[in-house]
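> Questions regarding the structure given below will be posed in turn.
The values are calculated or read from the model by the stated rules, or taken from the named source; none is laboratory data. Just so it is clear, the structure is predicted and the values come from calculations on it, not from any experiment. Positions of Cβ are generated from backbone atoms using ideal geometry, with glycine treated the same way; all protein chains shown enter the neighbour counts.
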Amino acid sequence: MSQDPIKSDSALRTVFSFPHPVNEYAARCVATMVFVLGFLIIVTDIQWLLFLLAYGFIARVLTGPTLSPMGQLATKIIVPIFIKKTRSVAGPPKQFAQLIGLIFSVTALILTYGFNLFDIAQIVLAILVLFAGLEAFLGFCAGCFAFGWLMRWGIVPPAVCDKCFEANFKIPFSNSSSK
């Protein structure tokens, strides 16, 4: 008995998709876990933990929380059991923020294992930890902020995220003809 190719394709799309909208509280929980893990790597010099950090970002970029242990912990346990709140925010900016985290974590991994430059990798991690902390503790997502500006500048087309462009990133532009 063969599996229906259409159902297999939709199952793959379900796994390899990023949620839209995203629960802001779950995103902040994940950012807190990234903050703690990154800080732990820097303070303890346990370099192999970089693989866990990078895997988490790869998983979240490709699948949202589906294949991410941190994402699963946040969405299935911490938020529903302890926080019990929902605040929906646009998914594409959060996915972009995860991509930026992936770039930083893979850079740290390559610096450490490819070039034996863990001291420089720790600086890269410190930047990642700083931005994870901003999201975790202050609710400021630097990746989301950058995504908004990329949309304003026309680098990211509004069709990528019509709802986030309209709701989250609309700021009045000064126009010299309005004076």
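> Name the single residue that is modelled with the lowest pLDDT among those in region 6-65 being among the charged types (D, E, K, R) and more than 27 Å from L138 (Cβ to Cβ).
If we take residues in region 6-65 being among the charged types (D, E, K, R) and more than 27 Å from L138 (Cβ to Cβ), then K7 is modelled with the lowest pLDDT.
> Looking for whichever is of a type outside the set (D, E), buried (at least 22 other Cβ atoms within 10 Å of the Cβ), touching a Cys at 6+ places or on another chain (Cβ under 6 Å) and at pLDDT 95 or above here; the options are A97, A121, A90, A132. Which one fits?
The match here is A97.
> Moving on. Given the residues A142, A146, A159, which is the only one that is at pLDDT below 90 and surrounded by fewer than 21 Cβ atoms within 10 Å (Cβ to Cβ)?
That would be A159, the only listed residue that is at pLDDT below 90 and surrounded by fewer than 21 Cβ atoms within 10 Å (Cβ to Cβ).
> Here's another thing I want to ask about it. When only residues in region 100-118 that are of a type in the set (S, T, Y) and either more than 29 Å from I83 (Cβ to Cβ) or in contact with a strand residue (DSSP E or B) (Cβ under 8 Å, 6 or more places away or on another chain) (or both) count, which is surrounded by the fewest Cβ atoms within 10 Å (Cβ to Cβ)?
It comes out as Y113.
> Let me ask something else about it. Looking only at residues that are surrounded by 15 or more Cβ atoms within 10 Å (Cβ to Cβ) and assigned to a helix (DSSP H, G or I) in region 164-175, which one is modelled with the highest pLDDT?
Restricting to residues being surrounded by 15 or more Cβ atoms within 10 Å (Cβ to Cβ) and assigned to a helix (DSSP H, G or I), the top hit is C164.
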